[in-house]
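This report concerns only the one structure given below.
Laboratory data are not the source of any read-out in this text; all were calculated from the coordinates shown. These numbers come from a predicted model, not from an experiment. Methodologically, a virtual Cβ is constructed for each residue, glycine included, from the backbone with ideal geometry; neighbour enumeration extends over all protein chains shown.
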Amino acid sequence: MSESVSLPALGESVTEGTVTRWLKNVGDRVEVDEPLLEVSTDKVDTEIPSPVAGVIEAILVQEDETVEVGTILVTIGDGSAAAAAPAPVAEAPVAEAPVAEAPVAPAPVAAPAPVAAPVAAPVAPAPVAAPAPVAAPAPVAAPAPVASPAPVAAPAPAPAPVAAPAPAAAPAARGSHAGTSGYVTPIVRKLANEAGVDLSTITGTGVGGRIRKQDIASASASTAPATAPVVAVSPLRGTTVPMSRLRKVVAERAVISMNTSAQLTTVVEVDVTRVAILRDKIKGEFLAKTGNKLSFLPFFALAAAEALQANPIINATIEGDSIVYPAQENISIAVETERGLLTPVVRDAAGLDIAGFAAQIADLAERTRENKLKPDELSGGTFTLTNTGSRGALFDTPVVFLPQSAILGTGIVYKKPVVVTNDGLDSIAIRSTVYLALSYDHRIIDGADAAGFLVTMKKRLEAGAFEANLGL
């Protein structure tokens, strides 16, 4: 008996999805809730788990094919059909077996050799030095095939030396990362070879333990001499790769947003020394009590949520000829992933404290990178916060994505000499500072509105009075 698995509903507004990668093949056994395939939508990339256990009998939708919700993707048989399922699967390897024997055309040539065995003595000149050099590369190219005919070669003493290269080939395979478990992309494998990193020694941080480019970079950095900062050459140089579905969607939305709205950016500089002092003071206790590291981002998010309540036009949207002011502040948090930039939503942000923001940001970021978000968690945002400083940038001019009207970019927090005034006297002191850059839709938000929002945040952060908002 067989059961069909269809493309499930992946969100209220999601009507179709693209199969990006099958994680199982025909003939493979799958358990309940074990990932079957990866599907990409215009909101999220996600894994589809199997609702039943059994053997995969037929895959009905191929990779890169887009189908509507409810379309049958695969049929899975129960235990009774398990015996029948391997039949077609067995044919696939068998189909490859002849192909494998095709390269081993020398084997059929070797068959006449035994016939010529009686004449082998006179034909002693046959193993002329010419074949010998040619035979040298042959064992390198075909150690694996030779291994299987080994029993046939056993009677002949000559093949015995051929067995020696086989062990030599084994370490070579390990050196070329043949022992690595899981799928490794060609780019990652090439990068590992160039960096001299053994993939079998690396634990991947990607989905299902997959090794990513960042893992190679980290492994390479850990073994590189501290005194030799070398910039690695990207393996993408000189290549052409197709755009992912997510990149296509982001590109289309960015162009539509830029062509539809009137965008500009306002920037302020904020002295966050008091926040930095408070953070350093409590970060150990915060980690012990909440299990989350305390960064500057939760402070920025809380200050933004409060400023949105005081300046609701920044949180508003345009519907026809009307301006809609939402009753909640749902802050989208930009998260960088291997697939591209995604923005999961922290809902009802105005009701959260520092611990609440830290927990939600950490959870959403982790599940976004592991491809475990639900599509609805990427919709409904009214304002976006992007941490430009995570990569060391002072600030940028982020792009507003419709239907939202504004996005806030936070730069890196860094120390510098600043003129400070105490009791009417100026002096120079080392302060922790950050740039806040607000991009907004000038159709409904004026420069004064943007400045008002930023100054509200600036005053809140410079005061640094967050002790009552820690949530510890």
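Just a few scattered comments:
- Extension gain from Leu425 to Thr317, taking 0.36 nm per residue of separation minus the Cα-Cα distance: 34.3 nm
- Annotation: peptides 286-292, 273-279, ranked by per-residue average of other Cβ atoms within 10 Å with the highest first, follow the order 273-279, 286-292.
- Each of Arg247, Arg369 has some number of other Cβ atoms within 10 Å of its Cβ, and from fewest to most they run Arg247, Arg369.
- Sorting the segments 303-312, 450-459 by their mean number of nearby beta carbons within 10 angstrom, highest to lowest, gives 303-312, 450-459.
- FRET efficiency, 1/(1 + (r/R0)^6) with R0 56 Å, evaluated for Asn25 and Glu269 via beta carbons: 0.50
- Computed over neighbours whose Cβ is under 12 Å from that of Lys283, the net charge equals +2, Lys and Arg +1, Asp and Glu -1.
- In the structure shown, the pairs Lys293/Lys458; Lys281/Lys415; Lys283/Lys415; Lys415/Lys458; Lys416/Lys459 are assessed against 21 Å; a Cα-Cα span above that value is assigned to Lys293/Lys458.
- Total formal charge among the other residues, if their Cβ is under 13 angstrom from that of Glu329, Lys/Arg +1 and Asp/Glu -1: -1
- Sparse-neighbour loop sites [GluC sites (Glu not before Pro); the stretch 362-438; at most 16 other C-beta within 10 Å; DSSP]: Glu370
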